[in-house]
Every structure is written in structure tokens, then in C-alpha cells.
1. Would you mind telling me which numbered condition in (1) outside any helix (DSSP H, G or I); (2) within 11 Å of the chain's Cα centre (by Cα); (3) hydrophobic (A, V, I, L, M, F, W, C) VAL37 fails?
2. Take the residues in the range 36-47 that are surrounded by 11 or more Cβ atoms within 10 Å (Cβ to Cβ) and hydrophobic (A, V, I, L, M, F, W, C); name whichever of them is nearest to ALA17 (Cα to Cα).
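Values in this text are rule-based calculations from the coordinates and carry no lab data. This one's a predicted model, so the numbers in the text were calculated from it and none came from an experiment. Quick reminder, even Gly has a Cβ in these numbers, built from the backbone with ideal geometry, and neighbours come from all protein chains shown.
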Amino acid sequence: MTVGRARATVFLIGLGATWNAGNVGPLVTEIAAEFDVGLGEVGLMSG
């Protein structure tokens, strides 16, 4: 794998993780309360 391709791969993985955290993060407490589960369980299912 070339250095440029490795950098692009790492960038896209980071972008995906950031996108997921940005979309799910603010709603975690509401989701946890609605389904009566812990925050860890919500994090596990969103990942």
C-alpha cells in the first residue's frame, strides 16, 4: 500500500467516526432514556 493510499484510508475512517459521533452524540441521552438502556449500550449499538 502506498503512503498516499494509507493516508487517505486513515482520513476516511476518521471522517466516518467523526460523522457518526456528531450525529449520534447529541441524542444519546434521549435514546438511552427512551429505551431504558445505559449510555454504553447506546454507544455500542451506534458504533
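1. The single condition VAL37 does not satisfy is (2).
2. Only one residue tops the list, namely MET45.
Conditions (1) at positive phi; (2) touching a residue at least 12 places away in the same chain (Cβ under 8 Å), marked per residue:
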{"site": "ALA6", "(1), (2)": "no, no"}
{"site": "ILE13", "(1), (2)": "no, no"}
{"site": "ASN23", "(1), (2)": "no, no"}
{"site": "LEU27", "(1), (2)": "no, no"}
{"site": "GLU30", "(1), (2)": "no, no"}
{"site": "ASP36", "(1), (2)": "yes, no"}
{"site": "VAL42", "(1), (2)": "no, yes"}
